[in-house]
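**Student:** What follows is a single structure, and I will ask about it in a moment.
Read-outs throughout are calculated quantities, based only on the coordinates presented, and are distinct from any laboratory measurement. Owing to the predicted nature of the structure, the values given are computational and were not obtained by experimental measurement. When we count neighbours, we look across all protein chains shown, and the Cβ atoms used for this are built from the backbone with ideal geometry, even at glycine.
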Amino acid sequence: MDAPQVAIVGAGFAGSEAAWQLARRGHAVRLYEMRPRRMTEAHQSGDCAELVCSNSFKSISAENAHGLLKAELAVQGSLILEVAHETAVPAGQALAVDREQFARRVTARLEAEPLVEFCRDEARSAEALLAAHRAVIVASGPLTSPELAESLRAYVGEGYLYFHDAIAPVVMADSIDRSVAFAASRYGKGTADYLNCPLSETEYHAFVTAVAAAEKVAFHSFESLRPFEGCLPIEVMVERGPLTLAYGPMKPVGLTDPRTGRRPFAALQLRCENAQGTLYSMVGCQTKMTWPEQRRVFRMIPGLEHAQFARLGSLHRNTFLNAPRLLDEDLALRDEPRLFFAGQITGVEGYMESTAMGLYVAKRIAARLDDVERPRPGSATMTGALLRYLRETPPERFQPMNASFGLLDAAPDPVHKRERKAFYARRALAEMERLEALERPLTPVAAASTRPAAP
């Protein structure tokens, strides 16, 4: 085997997919994985793509955002998706896998690939990797080792590599009741860029009581987080007193409810999250409530009774970059174009989202090494829409995101709401098939029978 020109740090979902895709394009890679020599707090083996959370990869329907992303991965011959289907267990309309079989089979496939050289050692220095390779992919995930993280600081800056995230829920704009929620700016200053959900005193106290009583997700033993005062979980604020929210993120100063002509007792702010105006985040609602409880409790807020959530809230240890500030359109550092990032460290959430970023980066590096031009997926695809989110979200409010139809280019007006998901799927898969047709012939990976059917 020729000396590897590409180093990949981390054999999780993104790193494993990237190694496979580069190898099948004829490029030798050196895959660094410190496990089992050095374990993380969450992993239990040295296998590639070990699942440390749920064994479900979510929906297989292409008319679901997560299912559409899987369909795009299938078109591109994803190793991770193929092995997921091979090791699937019954899970209704979801794709769930046998954890151990899945990780072992991904590992076996990569170990059998002659163009993948395993290095069972810890990669601690980005500078040393760049000195020995033409390109480096950091796919070390949310539990990046302290030594590597410290090395990356020299490239990304002190303030743009985060070690935990406090995420507020995001709702689909078309699920907000606009007869209740109204546009206004607090204090009467600036433009009316926020939607406001007004609460009466009775509604507010019922909401606070529900937050306090809701089931919470316990921290892992290694997650001794002390969140910043500026992004406290909503339940922590409630513990400080029943009126903390009303004097904090839900204060109604400067607001007038058009329905009553009076200032509400409290108001939840909704901030637009993308240029398309399809997603709104719930300001100040970072939370450790379980996902079912979040849906129940947040739908108590007037105007959100029928809210559809593009992302639910969370607070957990994570290592991720401020991607809009740091990364270019190929997910390489603007200031060091040979240093790429893939997976959760870029600011995506989820198994398949991480896989998609690994596949994308591998294709971009292969194009550079082959000195050919390859078009990038547009934001009508779920892959391209996630990339646009990483690239165009205002850096000051960037937080990790998973697949959502709200990220896609909007459907034309003639497409009825009940037909939009099918339209999105057809449009995305048609573009992905067109892009794949431009690729030079490759060894097929994913069998047609494993691909989620397009509607």
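**Student:** When D193, D98 are ordered from fewest to most other Cβ atoms inside 10 Å of their Cβ, what list results?
**Tutor:** By the 10 Å Cβ count, ascending, the order reads D193, D98.
**Student:** Calculate, for A410 and E373, the FRET efficiency according to 1/(1 + (r/R0)^6) with r their C-beta to C-beta distance and R0 30 Å; round to the nearest 0.05.
**Tutor:** About 0.60, to the nearest 0.05.
**Student:** Could you list which residues have their amide H under 5 Å from that of A266, counting only those 5 or more apart in sequence or on another chain, with H placed in the peptide plane?
**Tutor:** Correct list: L199.
**Student:** Okay, moving on. Starting from 0.36 nm per residue, how many nanometres of slack lie between E336 and T202 once their C-alpha separation is accounted for?
**Tutor:** Full extension of this stretch gives 42.7 nm more.
**Student:** Sticking with this structure for a sec: Is it possible to state the helix-based mean residue ellipticity at 222 nm for the chain, with each DSSP H run of 4+ residues giving -39500 (n - 2.57), the sum divided by total residues, to the nearest 500 deg cm²/dmol? What is it?
**Tutor:** Value at 222 nm, helices only: -9500 deg cm²/dmol.
**Student:** Between E436 and R120, how many nm apart are label points set 7 Å from Cα along the C-beta direction?
**Tutor:** 3.5 nm
**Student:** Can you give the local net charge around Y204? Use residues other than it whose beta-carbon is closer than 14 angstrom to its beta-carbon, Lys and Arg +1, Asp and Glu -1.
**Tutor:** Here the count lands on -1.
**Student:** Oh, and also: Name the residues whose placed amide hydrogens come within less than 5 Å of the amide hydrogen of K58, ignoring near sequence neighbours (fewer than 5 apart) on the same chain.
**Tutor:** For K58, the qualifying residues are L95.
**Student:** Using only alpha carbon pairs under 8 Å that are at least six residues apart, calculate the relative contact order of the chain and give it in whole percent.
**Tutor:** Computed over the chain, the figure is 23 percent.
**Student:** Still on this structure, please answer the following. Between A3 and A422, what length in nm is gained on full extension when 0.36 nm per residue of separation is reduced by their alpha carbon distance?
**Tutor:** Value of the extension gain: 146.3 nm.
**Student:** Starting at the first residue of segment 13-22, write each ³J(HN,Hα) from the Karplus equation 6.51 cos²θ - 1.76 cosθ + 1.60 with θ = phi - 60°, in whole Hz, x for Gly and Pro.
**Tutor:** Ordered by residue, 3J(HN,Hα) equals 4, 5, x, 5, 5, 5, 4, 5, 5, 5 Hz.
**Student:** Separate question: Taking the Cβ of A11 as the centre, find all other residues whose Cβ is under 15 Å away and add up their charges (Lys, Arg: +1; Asp, Glu: -1).
**Tutor:** Its environment carries a net charge of -1.
**Student:** Let me ask you something else. Please compare each pair in K288/K421; K58/K216; K251/K288; K70/K417; K58/K417; K216/K417 to a cut-off of 26 Å on the Cα-Cα distance and tell me which ones are over it.
**Tutor:** As for pairs spanning more than 26 Å Cα to Cα, those are K288/K421; K216/K417.
**Student:** Which ³J(HN,Hα) values, rounded to whole Hz and listed in residue order, are derived for segment 125-133 from phi using the Karplus coefficients 6.51, -1.76 and 1.60 in 6.51 cos²θ - 1.76 cosθ + 1.60 with θ = phi - 60°, glycine and proline given as x?
**Tutor:** 10, 5, 4, 5, 5, 5, 5, 9, 9
**Student:** Then there is this: What size of dipole, in debye to the nearest 20, comes out for the chain about its Cα centre when the only charges are +1 on Lys and Arg C-beta atoms and -1 on Asp and Glu C-beta atoms?
**Tutor:** Magnitude of the dipole: close to 820 debye.
**Student:** Read phi for every residue in segment 196-205 and hand back ³J(HN,Hα) as whole Hz from Karplus 6.51 cos²θ - 1.76 cosθ + 1.60, θ = phi - 60°, with x for Gly and Pro.
**Tutor:** 10, 9, x, 10, 6, 4, 5, 5, 5, 5
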